[in-house]
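Before any comments, here is the structure.
The values are calculated or read from the model by the stated rules, or taken from the named source; none is laboratory data. Here the structure is a predicted model, which is why all the values come from computation and not from measurement. The accessibility values were calculated without ligands, DNA or RNA, using every heavy atom of the protein model including side chains. Shrake-Rupley method; radii C 1.70, N 1.55, O 1.52, S 1.80 Å.
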Amino acid sequence: MIAFNKGKAWMFGDNISTDLIVPGRLSHLRSNLPELAKHVLEDADPTFAQKVQVGDYVVAGENFGTGSSREHAAHVIKLAGIKAVIAKSFARIYYRNASNIGLWLITADTETIKTGDTIEIDLKGSRIIVNGTDSILCHIPDGILLNILLDGGLIPHLQKNGGFAL
């Protein structure tokens, strides 16, 4: 089984916008992403940034990352130590921004996942294991996108392969 380590689920709802991920009032911190990451998702959950641990998972409903094309909205989630975002669906521009920096976005039916659940992702089996027993089928990126994610993002992939490794 090729899997991501176990981590805690942090459940959010539908339509989590880039403004909820990175509040616009903090735009002056865009050139200091580690500082901005200390505020990740604070408008959706004021305690999240202080409680999240490296290797945890953000879990959401429909249309995660909707709104403006703020590239730093994906960066701060990754800088906060989130291993992957699991949602029913993603806004297209957010999906692209996250893939470019190597942030895993995994599509699945998240209805049964709750904050505090333990999650493990089986990449080879295309499933999410919840609390060690329940299994949810999911969509794992494939093809060139999988290679980009495995290499840590678009730039590392291009550097490693001297271009796209198809």
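Points to keep in mind about this one:
- Share of carbon and sulfur in the accessible heavy-atom surface of the stretch 32-166 [1.4 Å probe, %]: 52 percent
- Under 17 Å of direct C-alpha separation, and excluding same-chain neighbours fewer than eight residues apart, residue 88 reaches these lysines: 114.
- Across the stretch 19-149, the relative contact order, built from alpha-carbon pairs under 8 Å that are at least six residues apart, equals 19 percent.
- Cross-link reach is defined here as a Cα-Cα straight distance under 12 Å, omitting same-chain residues fewer than 8 places apart; for residue 51 the aspartates and glutamates meeting it are 42.
- By DSSP, the beta bridges lying fully in the chain are antiparallel in about 55 percent of cases.
- Each 5 Å bin from zero holds the following percent of Cα-Cα pairs in the stretch 101-166: 4, 17, 23, 18, 13, 13, 7, 5, 1.
- Histogram of C-alpha separations across the chain, 10 Å bin width, %: 11, 41, 36, 11, 0
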